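Taken together, the values in this text are just the output of simple stated rules run on the coordinates, not laboratory data. Predicted model only: the values in this text are computed from it and were never measured. Because the Cβ atoms are built from the backbone with ideal geometry, glycine has one as well, and the counts that use them run over all protein chains shown.
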Amino acid sequence: MLRAMGASVLAMVVVLVIGPAFIRWLRLNEFGQNIREEGPEAHKTKEGTPTMGGVLIWFAVLVSYVVFSRFSVASLTVFIAAAGNALIGFADDWIKIVRKRSLGLSARYKLLLQLLLSLFIGFVALRFVGVTTAVDVPFTDQRLDLGTWGFYALIFLTLAGFSNAVNLTDGLDGLAAGASAIVLVAMAGIAFIIGRNTSDPGITDLMVVAGCVGGAALGFLWYNTFPADVFMGDTGSLGLGGAVAGLAVMTRTELVLLIIGGLFVLEAGSVAAQVVSFKLFKRRVLLMAPLHHHFELKAWSETKIIVRFWIVAAIFAGAGFAAYYATF
């Protein structure tokens with residue numbers, strides 16, 4: 001517990017101390033955000049805001065992890081899940097900056113790279129961490145055995161699903177960073193419960209990873225809250241989703257994560273609903289997707305949406321953690 005708290009504080013301090021110089025460097029090199037033409041009109045004023053702030057997040061995570069972690073295989077696997085997705089996001093951000101447009105790495109290549117990453121994580125989890133192919137079923141004391149191929153499929157769906165869901169949520173200043181920190185607190189709590197019940201130091205070390213990433217996300221909020229001085233870019237959002245997914249895989253709570261990360265599920269689900277509705281019925285269920293853009297077009301202020309979505313994230317995270325604690 002103390003190592004996790006120390007990791008969180010150190011990661012936060014590293015971001016806060018290095019942040020101003022890093023943001024100046026991004027501005028000098030003109031690493032600015034390109035805004036989608038089809039996005040809300042109010043977002044045009046954000047054009048040129050420094051992006052790729054996720055590099056700052058992951059540098060702080062790395063420093064804190066090296067200092068406080070015991071380098072268990074479980075925690076290293078989660079770190080690789082986060083870093084691997086962050087690298088995919090970095091490639092996406094870099095392409096956007098070089099080509100000076102809002103479209104980066106194609107979805108096909110993103111998913112292919114995430115599939116390869118999922119296969120690696122699944123192999124390590126089964127072979128070296130002792131993770132089984134059974135997954136905890138929320139609100140019951142049952143575990144569902146998926147078999148080897150079902151296990152790999154679930155890992156891919158969790159990793160790709162949540163990394164891209166966090167990416168979709170990253171549309172308002174501070175929204176993704178704050179929501180991710182909330183979810184990571186709940187995941188750290190689950191790791192603590194499992195570690196206490198099993199006396200497994202490898203599982204307990206997952207709290208340190210959650211602390212590193214959560215602390216870095218909170219520190220980043222200092223510069224990312226409205227009006228943002230810097231955006232995290234896909235480097236940050238895909239990596240944050242990868243960290244959350246990796247923690248769920250190591251604790252076998254992929255299904256519970258659907259509740260804990262309910263805000264991200266809503267955001268991704270709103271996009272899916274919008275696409276399906278338009279393709280089938282030529283009608284849109286929302287003014288604009290993802291969900292936070294719908295409320296923007298209903299004339300809600302950005303800060304109002306962000307704070308209320310953080311509250312929703314906290315409700316989901318608390319409910320998911322309570323369901324896990326009561327059941328297991």
So how many Lys-Lys pairs in the chain land under 22 Å Cα to Cα, not counting same-chain pairs under 8 apart? 11
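Quick check on segment 214-317: take the gyration tensor over C-alpha atoms, sort the square-rooted eigenvalues as a ≥ b ≥ c, and tell me if it's rounded (a/c under 1.5), prolate or oblate. Don't jump to the answer; show the numbers that get you there.
Details: a/c = 1.94, a/b = 1.19, b/c = 1.63.
Oblate is the answer for segment 214-317, as a/c is 1.5 or above yet b/c matches or exceeds a/b.
Loop sites only, by DSSP: take the GluC sites (Glu not before Pro) in the chain that have at most 13 other C-beta atoms within 10 Å and name the longest stretch containing none of them.
On the way: sites that count: E30, E37, E38, E47.
Of all site-free stretches, the longest is 48-328.
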Cα centroid distance between segment 133-173 and segment 258-328, in Å? 17
Could you state the angle between the C-alpha long axis of helix 147-169 and the longest principal axis of the C-alpha atoms of the chain, as a value from 0 to 90 degrees rounded to the nearest 10? 30
So which trypsin sites (Lys or Arg not before Pro) in segment 77-165 end up in coil per DSSP with only 15 or fewer other C-beta atoms within 10 Å? K100, R101
